[in-house]
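Comments concern the structure below.
The values are calculated or read from the model by the stated rules, or taken from the named source; none is laboratory data. Since we're looking at a predicted model, the values are computed, not measured. So basically every Cβ, Gly included, is an ideal-geometry build from the backbone, and we count neighbours across all protein chains shown.
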Amino acid sequence: MDLHFSDAKPTAEERRAVDAVLGAPASAWDGAEQRSARDGHVAFAGHAARAQRHLLLPALHALQSAVGWISEGGLTHVCTRLAVPPAEAWGVVTFYGLFSTTPRPGRVLHVCDDIACRARGAKPIMEALEQAVGPAHEAPDGDAVQVGDAAWVRTPCLGLCDHAPAALFTVAGDAPVERSVGPIAPDDAVQAVTQGHLPEQPRRPHPQDGDASLRLLRRVGSVDPTDLAAYEATGGYQALRRALELGPDAVIREVVASGLKGRGGAAFPTGRKWEAVAGQAARPRYVICNADESEPGTFKDRVLLEGDPFAIIESMTIAAFAVGAAHGYVYVRGEYPLAIARLEEAIERARTAGWLGGDVGGKGMHFDVEVRKGAGAYICGEETAVFNSIEGFRGEPRNKPPFPVEAGLFRKPTLVNNVETLANIPSIVLDGGAAFAKIGTEESTGTKLFCLCGAVERPGVYEVPFGATLGELIDLAGVPAGAGVKAVLLGGAAGMFVKGDERDIALTFEGARAAGVTLGSGVIMVFDERADLVDTVLRIAEFFRDESCGQCVPCRVGTVRQEEALHRIAARRTLGGLQSELHLLEDVGAAMKDASICGLGQTAYSAVESAIKRLGLLQEISR
Amino acid sequence: MFLWGANPRENHPIIYHHILKGIHNGVKLYAVDPRRTPSAQWADVWLGVNVGTDIALANAMARVIIHEGLVNEDFIARATTGYDAYRSAVEPYTLEHAESVTGVPADVIREAAITYAKAKRAVICWTLGITEHHNAADNVFALINLALLTGHVGRYGSGLSPLRGQNNVQGGGDMGALPNKLVGFQDPLDSDIKTRFEQAWGVTLPDHYGWNVSQMFEAMHRGDLTGMYVIGENPAQSEADQHHARKALEGLEHLVVQDIFLTPTAQLAHVVLPAAASWCESEGTVTNSERRVQRVHRALTPPGAARDEMWIVAQIAKRLGHDWGTPQAEPVWDEVRRLAPNMFGGMSYRRLEELNGIQWPCPDESDPGALFLHGRLWAEPRGGKPAPFTPVEYEPPVEMPDADYPFQLTTGRRLDSYNTGVQSGGYASPLRRREALDLAPEDAARLGVADGDMVRITSRRGSVEAPVHVEPNMRAGVVFMTLHNQDDVRVNVLTIDATDPKSGTAEFKACAVRVEPLGQTAVAGGH
Amino acid sequence: MSARARKPMVELTVDETVVSVPEGSSVLDACRAVGSDIPTLCFLETLHPVNACRVCVVELEGSRVLVPSCSRRAEQGMRVKTDTPRVRHSRRMVLELLASSVDLTTAPQVADWLEEYECAPERFGPTAPPADAGDRDARVAGHHAAPDPAVAATVDQPVKVDNDLYVRDYGKCILCYKCVEACGTDHQNTFAIAVAGRGFDARISTEFAVPLPDSACVYCGNCIPVCPTGALMFKTERDLRDAGNWDESRQHVTDTICPYCGVGCTLELRVQDNQVVRVTSPLDHDISLGNLCIKGRFGWRFVENRRAASDGAR
């Protein structure tokens, strides 16, 4: 391509970081520092060069981890290496929240100020940091704030709501550090920023640790997640062996019979999805595990990835066998460094043991898995946005149809499943679909992981057979004596509020539907009598305005107008009175629901609407 | 697709759009060019040949195709003559020999040849990189031979595509503005044709061919040509070996120039006839690179004393004793259609408007025009005569670098400018920078010059000064300049007037120069 | 051209009327075939549909949400409704949201639609003052300043004038993506611009937001005619408009062929008072498909330099 590059050159560190990911450049035309005589007579560009576009995010991550930001020289070098137009690369870099495009200190503490952490002490942390080191380094209007060699920023939900208040600590350099921690105290936060020291904090055991009836969580906290032998000793890879014996069609039949529905929020029948991909003519096919869990209040996938990574890999292998895929990706959000590390280690060990590669399980099956890191965009949890992100583009959702089963990653048939969905596969294969279907209810089979957080005594992941009620789950997590539950947010920011006394709602797909709510990703966020729900609603509106990808008018502008109206109401500066503002919110919300490209816009008004109509919030605020 | 001595990304940008659509559909692109031009930067393989070594490359490719058993035997048998002589002629062009001549690695040449031969459909596109050489016609034959060898000609999606550089150079030739052809490429010395035209025009035509431009200049030097009527051309700046060319023009007894600007050629004239800008100030037709005749319309009124060009010519005719009245475009065109019916018979103005232009040949009004040529070679039985292989030998450019003139200068165009810049100099292009010498980084380092430093460039014919532009797409030993800014840098003072006797084109693409730093930096004011 | 085999047809129902269209047609094609007038902003026949504006949405039986008619493939048996309350509401809101945040004064047809759908963009409150030059280009994904209850945010900002040929007024940009597509794989493949940033802060940008002369832009101007709002405009046109001298009643458009290379693109010369003010090429001409290069688009100025010279204004 006839690309136009500025003169900016990479530093030695930047060049090293990029070469580590992409390998050494083949010629001066691909970015090698010296020109050879052969370079003067031949160059290979064209299709092969342009096919490297999907390596853009890994290369950008390398730069960000090495030097703490994406410089002009660094980006120009990446563009030279990958034949990517600089303007397009700029469009990608500026889309993702974890990439800094202005010089930023190498040491950064990302403090979560999202809805669960706000309820458990995020504000004192931020106040302490402001006092000690100054304002956050967000620079929304372009003013860079330098604080020596460290900075702090605010971040949306880190998926550590069970350990709230949480933070992500990143240190750039040749041996980059990335650690997510919680609960973090204000003093520890200040120390992390000023002195670069953050004490190690192992994850707390999940509340049901030791319960023998657990299925999805049975190894979490009790089996070393890095130990393949321990995994196999507790039944690991038995399911894959069985699947290889059964054959692809029989495996799919069991998944269909199980009645398993997607656990990411959309609840699509998993067996049907596998069938659809297997039935496509086009090749190659891909399997993607969607581990971009970013719904505020959700952390179940993180728990599974950190605690039982081999199970996910084995499940993906079974899925690949069933649908005829030779390559799989786990797309993990960039804010999950421990999960990424555990997965990469597990993949390495599985490969060494022959459970991945050219001859899986000695049965001639080809399958390998790669981890791809997200870079700070909630929208990349949308399955078609995952494709665009892996392919090296902005994480913008695509229009459907065509559906991923037909044309997904690289426009080929692709199976996308949530982490928790996949975690159910081994037991379905081993025990059979019918046995699985006996658990839970007829429409909602199996067990479900619920994320209890907020004003509960024992926040964490809870695994229960489908059929438990909201009240039962809240009781499992425990509400402090004397504290009343004012409201519960089901499904996260994209979900809806129910009143504190709606304990009888059955948390099944059908039960939720009957109650006029959806389970979503399984978030149960509890708000007690002290909670400032107006602040929560404003934070939700802020979240959607930040996370909208910006493609479509209803969501791009609608989320702005929604947030503005809510701020006017909260400030008691309504335009034409409260009813007029509620009417405006309703109008904008309806257009977002009906006409947005994807689920983000379609659900951006749900929580707000339920707060207004179900909780009667905002009615108290009148002009 | 082979772009061979062609840089359409800069010089035929909209054709490149069509090429890009092909590329996005999976077409594999090979670019043969001494420079890694913007066109070549899209290529799956850039073959950076040494200047003027195209015949060696083409013959070596042919030899590979023959030895690999990939020739299209059926096509050769049904549609060609002279294959045996051709096969013998290319036999000495081994891959090793071709690598040493062209500089392109043997494995690359081999792969290119095999891919071309095996392709279901393949096109070779060329422009001045092939034709601005002293052996231009031979270069073209070398490419034609490849197409005949593989049958990649005369079929939809396969063929030979010379890209015409100017909006109506095709049309000019089509209309008979050639010394040896009447309109529609008809031979003026053929007695039937001569008679038909003499009857139509009521005159006696000469019984010998005229002179092409190169022959005109030779005649001027001899003193045999003493008067000239130049219409819309600027030879004082566009001819090679500019000092020599100017002397010839200055020696004319009578020079008349018809143009829209007072160009340097016009400044030498005894009489200047200011003309309307035909493309937007008159009616008529032009013919593009795909043989499509399209309508030109008048959108603006010419300024001052500028007159319609047909009117000017008719006025001169009147003073020479022939009253043509006030010719209008359509009746003149209809006469063209009558006199060259095989090519233009079906191209009424009405049909040209309706169909957005028509590609010749279009003999009658029911004919939609011809999408591609030479389909007759595939017809059963074959239409017309077989196509001949024309064996050609590699010859280096006439003037190669040596101890005194160690650099090879090649010249060409850039995207935002055009020819001698008479038209394109008139708008504020943000892309434009001062005319500079494009120099490889290795040569800049060796000469001790950086971007913007002034150098003197000298050939056996003259000397100019220009700033340096360090250009990674150049190879060491080769330098490049355009002809676009000759009021600033008179590049054609350097070029050599080594002309192909068959085509009349000069070797603008190769001459030898030396480059000397002047120890100054260019004054800011470029870019 | 070679004769093409007749495509198979599909039959569907639009607003209770049965219509047949060739396979591969869009729902929009089918709607237009029955005379249904559906507004579009981000759609253009020569570009891949982005379906970002959502103004062309229609109701499709069996679909939970409304579907964009410009890109949805028409299929056998579909039942489409183009004028239901849901559809009208979404259309109205899309237009209101845009009109409240973008300067649509030079977008043809929009004024009529605002009236037809009874839009009230002022309902969102008085608009914020324009951003400073470069401000929006520096916005960071995932962070924004808390809204000021007194004003409604817009994309208003100073017009970018960094060359003599065309200007970019992103206060008029509705992010329809068409300029990016025209500069990208749909046509020009120069990739000088892309969408940068995210959400409401997304904007059209060069790398690092450098001025055009420092970017890959080759001034082909192929982004200009695809822009539906006049955000991209010939400098000649912008200067005339700013001076109040743009007068379409004194203009005519004449086709001719470009005087430069051998491609022979058709130039549609828009002329006011014997001066060229804008150049386009027909979208449906199979040589150019509406595209030109810098010389065809802007290289006609030499014609007027003679005029200036002959008028004595050398």
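Restricted to region B:110-214, the set of helices (runs of 4 or more DSSP H) holding at least 2 residues that are of a type in the set (Phe, Trp, Tyr) comprises B:191-201.
For region C:105-127, does any single residue satisfy the condition of being closer than 16 Å to residue C:199 by Cβ, more than 7 Å from every other protein chain (Cβ to nearest Cβ), out of contact with any helix residue (DSSP H, G or I) (no Cβ under 6 Å at 6 or more places or on another chain) and in contact (Cβ under 8 Å) with a residue 12 or more places away in the chain? The answer is no; no qualifying residue exists. Residue count for region A:220-242, restricted to those that are under 22 Å from residue A:321 (Cβ atoms) and either in contact (Cβ under 8 Å) with a residue 12 or more places away in the chain or in contact with a Leu (Cβ under 8 Å, 6 or more places away or on another chain) (or both): 11. Taking each residue of region B:295-320 that is charged (D, E, K, R) and looking for partners that are in a loop (DSSP other than H, G, I, E, B) with beta-carbon atoms closer than 6 Å, six or more apart or interchain, yields B:298/B:282; B:298/B:283; B:308/B:276; B:308/B:282. Go through C:164, C:247, C:186, C:255 for me and flag whichever is in contact with a Ser or Thr (Cβ under 6 Å, 6 or more places away or on another chain), surrounded by fewer than 23 Cβ atoms within 10 Å (Cβ to Cβ) and not polar (S, T, N, Q). Of the residues listed, the single one that is in contact with a Ser or Thr (Cβ under 6 Å, 6 or more places away or on another chain), surrounded by fewer than 23 Cβ atoms within 10 Å (Cβ to Cβ) and not polar (S, T, N, Q) is C:255. Every test in (1) within 10 Å of chain A (Cβ to nearest Cβ); (2) in a helix (DSSP H, G or I); (3) within 27 Å of residue A:589 (Cβ to Cβ) is passed by residue C:137 save one, and that test is (3). When region B:39-56 is filtered for residues that are part of a helix (DSSP H, G or I) and over 19 Å from the mean Cα position of the chain (by Cα), the ones remaining, listed by number, are B:41, B:42, B:56.
Mind checking whether some residue in region B:145-153 is of a type in the set (S, T, N, Q), within 30 Å of residue B:285 (Cα to Cα), touching a Pro at 6+ places or on another chain (Cβ under 8 Å) and surrounded by 20 or more Cβ atoms within 10 Å (Cβ to Cβ)? The answer is no; no qualifying residue exists.
Any residue that is in contact (Cβ under 8 Å) with a residue 12 or more places away in the chain, in a loop (DSSP other than H, G, I, E, B) and crowded, with 22+ Cβ neighbours inside 10 Å - is there at least one of those in region B:510-521? Yes, region B:510-521 contains at least one residue that is in contact (Cβ under 8 Å) with a residue 12 or more places away in the chain, in a loop (DSSP other than H, G, I, E, B) and crowded, with 22+ Cβ neighbours inside 10 Å.
Just name the residue that is nearest to the other protein chains (Cβ to nearest Cβ) out of those in region B:110-128 that are of a type in the set (Val, Ile, Thr) and closer than 20 Å to residue B:140 by Cβ. Filtering region B:110-128 for residues that are of a type in the set (Val, Ile, Thr) and closer than 20 Å to residue B:140 by Cβ, the one nearest to the other protein chains (Cβ to nearest Cβ) comes out as B:127.
For region A:557-585, a residue qualifies if it is at the interface with chain C (Cβ under 7 Å from one of its Cβ atoms), within 12 Å of residue C:124 (Cα to Cα) and free of Cβ contacts under 8 Å to residues at least 40 places away in the same chain, and the qualifying residues are A:557, A:560, A:561, A:563, A:564, A:568, A:575, A:584. Within region C:270-291, if we keep just the residues that are at the interface with chain B (Cβ under 7 Å from one of its Cβ atoms) and surrounded by 22 or more Cβ atoms within 10 Å (Cβ to Cβ), the residue that is nearest to the chain's Cα centre (by Cα) turns out to be C:291. Among residues of region A:61-94 being touching a Gly at 6+ places or on another chain (Cβ under 6 Å) and assigned to a loop (DSSP other than H, G, I, E, B), the one that is nearest to residue A:149 (Cα to Cα) is A:68.
Of the residues in region A:248-262, at least one is closer than 23 Å to residue A:354 by Cα and over 15 Å from the mean Cα position of the chain (by Cα). Assess whether residue C:299 counts as being within 7 Å of chain B (Cβ to nearest Cβ), under 24 Å from residue B:275 (Cβ atoms), without any contact (Cβ under 8 Å) to a residue 24 or more places away in the chain and surrounded by 19 or more Cβ atoms within 10 Å (Cβ to Cβ). No. Screening C:218, C:226 for residues that are surrounded by 22 or more Cβ atoms within 10 Å (Cβ to Cβ), part of a loop (DSSP other than H, G, I, E, B), of a type outside the set (D, E, K, R) and in contact with a strand residue (DSSP E or B) (Cβ under 9 Å, 6 or more places away or on another chain) leaves exactly one candidate, C:226. Does residue A:338 fit the bill of being more than 16 Å from residue A:54 (Cβ to Cβ), at pLDDT 95 or above and surrounded by 24 or more Cβ atoms within 10 Å (Cβ to Cβ)? Considered against the rule, which asks whether it is more than 16 Å from residue A:54 (Cβ to Cβ), at pLDDT 95 or above and surrounded by 24 or more Cβ atoms within 10 Å (Cβ to Cβ), residue A:338 comes out as no.
Yes or no, residue by residue, for (1) in contact with a strand residue (DSSP E or B) (Cβ under 6 Å, 6 or more places away or on another chain); (2) closer than 28 Å to residue B:256 by Cα; (3) within 14 Å of chain C (Cβ to nearest Cβ):
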{"position": "B:274", "(1), (2), (3)": "no, yes, yes"}
{"position": "B:280", "(1), (2), (3)": "yes, yes, yes"}
{"position": "B:298", "(1), (2), (3)": "no, yes, yes"}
{"position": "B:313", "(1), (2), (3)": "no, yes, no"}
{"position": "B:328", "(1), (2), (3)": "no, yes, no"}
{"position": "B:335", "(1), (2), (3)": "no, yes, no"}
{"position": "B:351", "(1), (2), (3)": "no, no, no"}
{"position": "B:354", "(1), (2), (3)": "no, no, yes"}
{"position": "B:380", "(1), (2), (3)": "no, no, no"}
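With respect to (1) crowded, with 24+ Cβ neighbours inside 10 Å; (2) without any contact (Cβ under 8 Å) to a residue 12 or more places away in the chain, the lone exception for residue A:245 is condition (1). Entry remark, region A:281-313: residues being over 17 Å from residue A:255 (Cβ atoms), touching a residue at least 12 places away in the same chain (Cβ under 8 Å), more than 18 Å from the chain's Cα centre (by Cα) and surrounded by fewer than 24 Cβ atoms within 10 Å (Cβ to Cβ) number 4 in total.
Counting only helices (runs of 4 or more DSSP H) that sit wholly inside region A:538-623, those with at least 1 residues that are within 22 Å of residue C:148 (Cβ to Cβ) are A:553-570, A:578-595, A:606-613. The set of residues in region A:508-522 that are surrounded by fewer than 23 Cβ atoms within 10 Å (Cβ to Cβ) and among the hydroxyl-bearing types (Ser, Thr, Tyr) comprises A:508, A:518. Restricting to region B:70-81, what's the tally of residues that are over 13 Å from residue B:146 (Cα atoms) and either touching a helix residue (DSSP H, G or I) at 6+ places or on another chain (Cβ under 7 Å) or surrounded by 13 or more Cβ atoms within 10 Å (Cβ to Cβ) (or both)? Residues in region B:70-81 being over 13 Å from residue B:146 (Cα atoms) and either touching a helix residue (DSSP H, G or I) at 6+ places or on another chain (Cβ under 7 Å) or surrounded by 13 or more Cβ atoms within 10 Å (Cβ to Cβ) (or both): 3 in total. Quick one: residue A:36 ticks every box in (1) touching a Gly at 6+ places or on another chain (Cβ under 6 Å); (2) outside any helix (DSSP H, G or I) except a single one, so which number is it? Residue A:36 satisfies every listed condition except (1). Of A:565, A:595, all but one fail to be of a type in the set (Gly, Ala, Ser), at pLDDT 95 or above and farther than 30 Å from residue C:43 by Cα; the exception is A:565. When B:138, B:187 are checked against the criterion of being among the acidic types (Asp, Glu) and within 20 Å of the chain's Cα centre (by Cα), B:138 stands alone in meeting it. Each residue in region B:418-450 was checked for being within 12 Å of chain C (Cβ to nearest Cβ) and part of a loop (DSSP other than H, G, I, E, B), and 12 of them qualify.
For region C:113-121, indicate whether the set of residues that are within 30 Å of residue C:14 (Cα to Cα), of a type in the set (Ser, Thr, Tyr) and not in a loop (DSSP other than H, G, I, E, B) is non-empty. Looking through region C:113-121, none of the residues is within 30 Å of residue C:14 (Cα to Cα), of a type in the set (Ser, Thr, Tyr) and not in a loop (DSSP other than H, G, I, E, B).
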